[in-house]
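Have a look at the structure below before the remarks.
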Amino acid sequence: MENTRSPKQNKPKKLVSKLLPNKIPNKVGIAQPKSTSTSQVDNCKNFVTSDRPLSIGNYKMLENEIESNGQIRRSSSISEGNFLKETAGLDNNNKLHDRSVSIDNVFRGNSAKSNSSMDSLARKALMAAQVLHLIPTVKARQRNYLQGRVAANPLLGTVELERNFPTRDVTIFVGTWNMNGRGPPSELNDFVLPVGLENVPDVLAFGTQESCSERYEWEVCLQETIGPSHVLFHSHSLGTLHLAIFLRRDLIWYCSMPEDASLSVRPGTAFKTKGAVAVCFMLFGTSFLFVTAHLTAHQEKVKERVSDITKIVNSLDLPRALPLKTKNKDVTQNFDYVFWSGDLNFRLTTPRTKVLEWLSKTSFPLPAHLPHGYLHNDQLCSVLSDGAAFKGFLEANITFPPTYKYDPGTQTFDTSSKQRTPAYTDRILYKQRATRRLSGQLETVPLQCLIYDSVPSITTSDHKPVWGVFRGHLRPGLDTIPLAAGLFNREVYMEGLRRRATLLSFDRNGSAVCSIQ
């Protein structure tokens, strides 16, 4: 199943940029930083992969599956230890490890090789099996990716959740950017795969305002940069607002059908530039809402921006299909995790000369223990503190320079006749629905913001992109939700991979082998 939206007839232009030395390749492979962990180095020599390929596996766990004599246990080729507990009713002759594929057959007839060589090959085979998610036939008969439960185990239950997320931690990337109506730059790595990221997060959400007119082109550029490990799960737009959600490709079977909604805060205008776009879905038993917004501009219009927020939270009709005990009028109350990003247009009330003077004397990122410049005069901080809007939302400490307003193509703040004061207009807020036990303690693990930063290297717009990475906690769900059943945008995926292959062919000195995601 795939999105019905098709690309325009005109074939998108290829984005080919010169690959500079000592720099992360532009959309060609993902630089995998070498781990400093001694145990990982010892356990996976000559095998490059991320710490958690497809969020499955721990090399120490794999190593334990190898017996002292170098042979592989028959059950280890499946890497489904928890499944045996769930299938205790099977008789001894029909146990999983007696009916599954056995990797040790690969090594029969190679007795002339040394035990150390055998051990190395066995370990690599085990890791390969872990990455490939080999599924035993017994287990395959017990689940249905279209309707969920078939037999003993629910598709969204504890067994599948812990197989995909052993710690139940999920990482979420949220990016926002006012593109100023221009196309994307040839280099997107600094925004999509910033250097501060060790691994690609499980969920990636990109919200843009004043987006480029070629939405398909923008989505392909994102897919091309991210690579084959993730797919475009859903996207939605309203006028110049656009929101795209990418998921790790093996997670598309554990999601609900995505739902979307939008609102223009200027209903009388034909060209929609101010408002909000939202997408929601459920991953296992945890619900997510992503909102990207562009609020009323100009320094003095704080009340209008607060009014915009009130209209948006009370008008977005979500969710419509997901089961909900009580549906709140405030859409942000209906989900476990809410991420609100965008060009919120809140300004600094400090005079321009003082802000520029402060910037000239300040080094970024700002240390955590120092006052954050003139943020005490930031309009959004005031709105958050007095509860005028965004009740229950949080924002991480801002340690980067103002993201607005620059002369396009430069790192210089506005030199036009309007001489706008630098400001933090581009923001990411987050909110968690915290349920409590009878004892009063929180039942859910707090949502954490791990990184909050901007991208100064991108200069095509008068705004700088802003991104954040969050860590949430998933809980098991029930197969009563409308499953997405593998839904994703295949056209964007194939075009993105085709462009990556083309760029690889231009890199004469580079390797054409991509590391496993």
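The values are calculated or read from the model by the stated rules, or taken from the named source; none is laboratory data. Since the structure is predicted, the reported quantities are computational estimates derived from the model, not experimental observations. A quick note on method: Cβ atoms are made from the backbone with ideal geometry, for glycine too, and the neighbour counts reach across all protein chains shown. Each accessible area value is taken on the protein alone, full model and side chains, heavy atoms only, with ligands, DNA and RNA left out. Shrake-Rupley method; radii C 1.70, N 1.55, O 1.52, S 1.80 Å.
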³J(HN,Hα), Karplus 6.51/-1.76/1.60, whole Hz, each residue of the range 296-311, x for Gly, Pro: 3, 8, 5, 3, 8, 9, 5, 4, 5, 5, 4, 5, 4, 4, 4, 4
Subtracting the Cα-Cα distance from 0.36 nm times the residue separation, let me have the gained length for ASN314 to PHE364 in nm, one decimal. 14.2 nm
Pull out the extension gain between ASP407 and ASN144, defined as 0.36 nm times the separation in residues minus the alpha carbon to alpha carbon distance; nm, one decimal. 89.3 nm
Express the Stokes-Einstein translational diffusion coefficient of the range 148-304 in µm² s⁻¹, to the nearest whole number, given a Kirkwood radius over alpha-carbon pairs, 20 °C and a viscosity of 1.002 mPa s. 125
So for R0 = 60 Å, FRET eff. of THR137-ASN397 from the Cβ-Cβ r, to 0.05, ends up at 0.70
If HIS463, HIS236, HIS369 are ordered by their accessible area, calculated over protein heavy atoms with a 1.4 Å probe, which sequence runs from highest to lowest? HIS369, HIS236, HIS463
Whole-Hz couplings from phi, Karplus 6.51/-1.76/1.60, listed for the range 418-430; x for Gly and Pro: 7, 6, 5, 6, x, 8, 9, 7, 9, 9, 10, 10, 9
Order GLU198, GLU304, GLU217 by their accessible area, 1.4 angstrom probe, all chains in place, largest first. GLU198, GLU304, GLU217
Roughly how many whole Å is it from the C-alpha centroid of the range 287-361 to that of the range 381-398? 10
Stokes-Einstein at 10 °C, 1.306 mPa s, Kirkwood radius from Cα pairs: D for the range 338-396 in µm² s⁻¹? 120
Pulled fully out, how much extra length does the chain show between ASN328 and ASP479, if you take 0.36 nm times their separation in residues and subtract their Cα-Cα distance? 52.0 nm
Residues whose built amide H sits under 5 Å from the amide H of HIS473, excluding neighbours closer than 5 in sequence, are VAL170
Over its Cα atoms, what ratio of radius of gyration to 2.2 N^0.38 Å does the range 158-500 give? 0.97
